[in-house]
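Data block below; observations after.
Readers should treat all values here as calculations from the given coordinates under stated rules, not as data from a laboratory. In this text the structure is predicted, and so the values were computed from the model without any measurement. Backbone-built Cβ (ideal geometry, glycine too); neighbour counts: all protein chains shown.
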Amino acid sequence: MAKLPRYLFPSDYMADPAAHVFNGKLYIYPSHDWEAGAAFDDDGGHFQMKDYHVLSFNDIENDEATDHGVILDVKDVKWAEKQMWDSDVVEKDGKYYLIFSAKDYNGVFHLGVAIADRPEGPFIAQEHPIRGAYSIDPCVFKDDDGQVYCYYGGLWGGQLQWNVAPQKVLKEGVDLGPAPDRKTQLFTAPDMPALPSLMARMSDDLLQFAEAPRQVLVVDNDGQPLKAGDPHRFFEASWMHKYNGKYYFSYSTGDSHYLCYAIGDNPYGPFTYQGVILEPVVGWTTHHCIVEFKGQWYLLYHDCVPSNDITHLRSLKVQRLFYNEDGTIKTVVNE
Ligand code: FUB
């Protein structure tokens, strides 16, 4: 057995992996970090990514990555100005849909769609972003019945707190309206329910949401939502995978720097909090995906060891992931 964890692409800085098996190979869709010289701020203004690459592997434990080059550049996305953050790809009927987050010319994060005929791209972006899809970090999950769901959102610089009042969502359902309200910053008190991520089923053509976004509720064993002051509450980096018929929603806790997960019985949740997948890594952000490839489950993630802790210059890593008999995940060791 190869010695893991290992860095997957030492020749460049890449982060926020989203991995899928297409045609027997493992494809990784990461963010492409670079040194833009932008000032540091709490809104992630130093993360100025301007394009996406895709990497592929026949053997994730031993092979060098194949870099298929740039698959989408911000200059080819009409509505987007900058900051091409986390993305994900889903296949349907032989076409590949890249769902990505970027800022428009008014400084608002949206989710957009770009389409390709092959997993290696190139991807052609739609003229407009997805209606009503604000914020960042999309994860597109295809269930066994073919329905595709998008999980997304990120606090602080990811602008999730601009969008919806938790009280409004809980009482009236979500109505995102034409644009997020920047004046109403909707952080709640530490003893109030944490602001959750959002999710929606996607339309059959995968170009829009088929329904108003709903909250992804992460609850404790008594069914109560985790509190805003809980270091294990959602912050960003949604990921969904299925194991033995259960739905595993995992995420980053942002300012407390964990990767955590919760389990539910259906794609909409609620999801019961289970524990920590990965302890904090070197670097402020932590972001991952979980994928099964050739009979082994893996956690893909990033850290800033190779860049000597420059927080916006991150490197992709892989480690094996194992389950306990009861379906809980064994905390991954990042040596
Ligand atoms: O890569 C930019 C942002 O950093 C991502 O969108 C977040 O999840 C964090 O990893």
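Calculated FRET efficiency, Asn62 and Gln126, Cβ-Cβ r, R0 45 Å, to nearest 0.05?
Efficiency, from the Cβ-Cβ distance: 0.75.
Taking the Cα centre as origin and putting +1 on Lys and Arg beta-carbons and -1 on Asp and Glu beta-carbons, what dipole magnitude results for the chain, to the nearest 20 debye?
Computed charge dipole of the chain: roughly 300 debye.
What 222 nm value per residue comes from the helices of the chain, counting each DSSP H run with n ≥ 4 as -39,500 (n - 2.57) and dividing by all residues, nearest 500 deg cm²/dmol?
Rounded to the nearest 500, it is -500 deg cm²/dmol.
For Asp191 and Arg6, calculate 0.36 nm times their separation in residues minus their Cα-Cα distance, and state this gained length in nm to one decimal.
Taking Asp191 through Arg6 to full extension adds about 62.7 nm, to one decimal.
Whose amide H sits under 5 Å from the amide H of Val70, counting only residues 5 or more places off or on another chain, with H placed in the peptide plane?
none
Please find, in a Gaussian network model of the chain (springs between Cα atoms separated by less than 10 Å), the residue of Leu300, Leu207, Leu217 whose mean-square fluctuation is greatest.
Among Leu300, Leu207, Leu217, the largest mean-square fluctuation in the Gaussian network model of the chain belongs to Leu207.
Quote the relative contact order of the chain in percent (integer), defining contacts as alpha-carbon pairs under 8 Å separated by 6+ residues.
Relative contact order comes out at 15 percent.
Of Pro213, Ile329, Pro30, which is farthest on the positive side of the dipole of the chain, counting Cα position, with +1 on Lys and Arg Cβ, -1 on Asp and Glu Cβ, and the Cα centre as origin?
Pro213
Hey, what do the phi angles of the stretch 110-119 turn into as Karplus ³J(HN,Hα) couplings, whole Hz, using 6.51/-1.76/1.60 and θ = phi - 60°, x for Gly and Pro?
For the stretch 110-119, the Karplus-derived couplings read 10, 9, x, 10, 9, 10, 9, 8, 9, x Hz, x marking Gly and Pro.
Between Phe40 and Lys95, what is the FRET efficiency for a Förster distance of 41 Å, r being their Cβ-Cβ separation, to the nearest 0.05?
E between Phe40 and Lys95, to the nearest 0.05, is 0.60.
Can you tell me how much longer the chain between Asp326 and Ala212 gets when fully stretched, taken as 0.36 nm per residue apart minus their C-alpha distance, in nm with one decimal?
Answer, rounded to one decimal: 37.6 nm.
Of Lys3/Lys242; Lys92/Lys330; Lys75/Lys246; Lys95/Lys242; Lys103/Lys294, which pairs sit farther than 30 Å apart, going by alpha carbon to alpha carbon?
Working: Lys3/Lys242 26 Å; Lys92/Lys330 32 Å; Lys75/Lys246 40 Å; Lys95/Lys242 22 Å; Lys103/Lys294 37 Å.
Violating the 30 Å Cα-Cα cut-off are Lys92/Lys330; Lys75/Lys246; Lys103/Lys294.
What are the ³J(HN,Hα) values, in whole Hz, obtained from phi via the Karplus relation 6.51 cos²θ - 1.76 cosθ + 1.60 with θ = phi - 60°, for each residue of the stretch 307-318 in sequence order, with x given for Gly and Pro?
After applying 6.51 cos²θ - 1.76 cosθ + 1.60, I find 8, 6, 6, 7, 5, 9, 10, 10, 10, 6, 9, 9 Hz.
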